[in-house]
Structure formats: C-alpha cells, structure tokens
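First comes the structure, then the notes that go with it.
Values in this text are rule-based calculations from the coordinates and carry no lab data. Note that the structure is a prediction, hence the values are computed from the model and not measured. All Cβ positions, glycine included, derive from the backbone under ideal geometry; neighbour counts span all protein chains shown.
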Amino acid sequence: MQRLNFFVSHKGIALMKLAQSIGASLLDENFGERMIYSLSPIARASTGDISYIISRKFLNNIEKCKASAIICSQDIVPFIPKNIPCLLSDKPEVSFAIAGSILYPQAMHMEASSFEGGISPQAFLGEDVKIEDGVVIAPMAVVYPGVEIGRKTYVGPGSVIGAGVRIGRNCSIGAGSSIYSSLIGNSVILHSGVRIGNDGFGYARGVSDIHKIVHIGRVIIQDKVEIGANSAIDRGTMGDTIIGENTKIDNQVQIGHNVHIGCGCIIVSQVGIAGSTYIGDNVLIGGQCGIAGYLKIGDNVQIASKSGVLKDIPAGQQYGGMPARPIGEYLRHMVMLSKPSKYKIKR
C-alpha cells in the first residue's frame, strides 16, 4: 500500500551542503553532490533519504540499508556499507535533528499554510488588541481585549487568548488551547489543548466548608519553551509560575501554582509537579513522576520514571523510586526485591 505522507519532501539539498549545515563532515567528498530529499529510519530508507545511527545495537540488517547517506559517530563508520557515504558527527542525534528542520521546516511549527490571509473573518477579536505583521489567527479563535501578539505568531482554530495576555514573536499556539493571565516569550510552541494560566488547586478547609483561595498571579513562559498537548500550567497564587528558557515539556503534564522551572529542562509525559516547588536548570524528569510541593530540586538533577519525590534533591544527583532516593540505592533495593526470600511462609 502506498504510504500517505502529510509533509512535503524537500526539493533537494546536496550532501556536502547539508553536512556543513548540520555540523558534520562528509568522509568521502566524492559524494558531495549527491542529493538528499527526505529522512527515514534505517529499515525503511530508500534512495534520497538520510538516516542516522547512535549505537551499535541499531546496526541490524545495515547491509540491506538503501539510504543515500547516514549520520553517525566515528566508531560506527566501519560497519556502514562502502556504498553509503557517512556524515561524521560527535552528536549524531543533534545533527539529525538539525537535518530534519532543514528538510521539513513546515513540520517544526503548527500548520498555518491554510490561513495565510492573516486574521480569519471567523475569528473573534476584542478591543485594543495589538497584532504585529505576519500574525495568523485561524477561524473560531477568540482573542480578548488588550491582548498583544508578536510578529509571525500563529494562533490555531478554537484557541482562547484571555484579556491582557502578551504573546511574543514566532510563536505557535495549537488548536483548542487556552491562555489566561500569562506572559509568553518568543519562539514558544504550545501544542493543541494546552491550558495555561487557570487558577491553581488551592483551598482552605474550614469547620464546615472548603474555601477557594484566590489566585491573582501569572504564568511566565520564557523564550523557546515547548509544551506538549493537553498539558496544564496553573497561574501563581500571589506570585508567578515560571517556565525557564528552552525548557521542553511533554504531553499531559500538570504544573501547579507558584512552581519555578529553570532553563533547559526536559519533563516527560504524565509528570505532576505540586505547587511552590523550585526546579533548577537542566533537570530531566522521567515519565509519570510525582513531585511534592514546596521542594527544591537542584541543577542537573535526573529523576527516573515513575518516581515519587518527597524531599529536596541536591544539584547533580540521580534519583529514582518511591519514595525517590539516590539511584544506586534504588537499584540495589530493586535487585534485593527480585531475589527469592530466605524465609518460607508457614501454612
């Protein structure tokens, strides 16, 4: 069956030019004029495709590969068939990512090509809205009074931008998203169904009632942040919830009120971060982790998937488990649990 592609292939780029653009070196310059049109995994690659290999464990059936080029590190080169030119890179995955952005630039942002006319007549705009050149607002989007939207930003169908929100330049707001009480930087990507700036989960229990705590804070999202589909970030109670520059957040992540996340963090899907927790720079949080409130997690921390973090974590540490503890201790504990018990149960 013919493969249905939703993204149009590149018109073609010479291999030497591509190598220079992605920070790689072409080992055999005789292939410099070979044209590359697309990218593909090793097993499915064909003429005109470029692939990449980051480990020897992905070398299965490499002799049958039909790719026009492969990005790899020096230790992989001896295993690549002689008829396939190698683009040598210290970081093959990074080089491949850059190659993808060159070959498929339209896949890096929301689909705006259908609405190049700018603001759709089916969009709803309030008073005193300030919109710079090149902004695309799709049908049924609602932009409340006082909103400011920077140049070349795309607002998807059915999105709601609350009163006074500021959105920077070159941003993409996915279909059905809602943004309130927020300041958003440049080159931010919010995928479909994202919820930014709703009030947090804050209540005070009385003798016979539960009282809602007012939330008058904001959400501040700095430049180059990406937030996956159906994730939610609550606004601060009286201060701000902050997402640092270049942080990447996966789908279905919940970030509570007053949380501060540093720069360059990676947060995988289904993570929940309770209110007022501080997370440093370059932190990696695996999927389905739960992080309690009012904690401090230092810079460069790594937390294994499905961990429950109940205490502060010092900078540079690796933690895992429930409750989370240093990764070595956690792994030893798992080994111990996997062994048969010394004691027999009396019946």
Fill in: the chain, relative contact order [Cα under 8 Å, separation at least 6], %
6
Worksheet item: When the chain is treated as a GNM, springs tying every alpha-carbon pair under 10 Å, which of Ser172, Ser38, Ser120 comes out with the largest mean-square fluctuation?
Response: Ser38
Discussion item. If you build the convex hull over the alpha carbons only and average its shadow over all orientations, what do you get for region 13-108? Give it in nm² to one decimal.
Written reply: 5.4
Worksheet item: From the phi of every residue in region 37-48, what ³J(HN,Hα) in whole Hz does the Karplus formula 6.51 cos²θ - 1.76 cosθ + 1.60 yield, where θ is phi - 60° and glycine or proline is x?
Response: 10, 7, 10, 7, x, 3, 5, 10, 5, 9, 4, x
Fill in: region 34-172, relative contact order in percent, only Cα pairs under 8 angstrom and at least six apart counted
14
Worksheet entry | Reference-scaled alpha-carbon Rg (2.2 N^0.38 Å with N residues) for the chain | 1.20
Item to complete: Can you grab the distance from the C-alpha centre of region 181-247 to the C-alpha centre of region 10-61, Å, no decimals?
Response: 41
Discussion item. I'd like to compare 40-49, 134-143: which one has the highest average count of other Cβ atoms within 10 Å, and what's the full order after that?
Written reply: 134-143, 40-49
Worksheet entry | Share, in percent, of DSSP beta bridges within region 180-333 that are antiparallel, nearest 5 | 10
Practice prompt. Go ahead and set up a Gaussian network model of the chain, Cα springs under 10 Å, then flag whichever of Val214, Val188, Val268 fluctuates most.
Written response: Val214
Worksheet item: So what's the convex hull volume per residue for the Cα atoms of region 177-268, in Å³?
Response: 86
Worksheet, complete the sentence: Within the chain, the percent of DSSP beta bridges that are antiparallel, given to the nearest 5, stands at 10
Discussion item. I need Tyr294, Tyr319, Tyr180, Tyr104 ordered by Cβ neighbour count within 10 Å, fewest first.
Written reply: Tyr294, Tyr104, Tyr180, Tyr319
Practice prompt. Report, ordered by chain and residue number, the lysines lying within cross-link reach of Lys57, taken as a straight Cα distance under 22 Å and ignoring same-chain residues fewer than 8 apart.
Written response: Lys66, Lys82, Lys91
Worksheet item: What 222 nm value per residue comes from the helices of the chain, counting each DSSP H run with n ≥ 4 as -39,500 (n - 2.57) and dividing by all residues, nearest 500 deg cm²/dmol?
Response: -2500 deg cm²/dmol
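If you restrict to DSSP beta bridges whose two residues both lie in region 52-211, what percentage is antiparallel, to the nearest 5?
Expressed as a percentage, antiparallel bridges in region 52-211 total about 5.
Relative to the compact-globule scaling 2.2 N^0.38 Å, provide the ratio for the alpha-carbon radius of gyration of region 243-347.
1.22
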Practice prompt. Based on the mean of other Cβ atoms within 10 Å per residue, sort peptides 222-233, 253-264 so the most packed one is first.
Written response: 253-264, 222-233
Response to the item:
Rounded to the nearest whole number, the per residue volume of the convex hull around the C-alpha atoms of region 180-333 in Å³ is 101
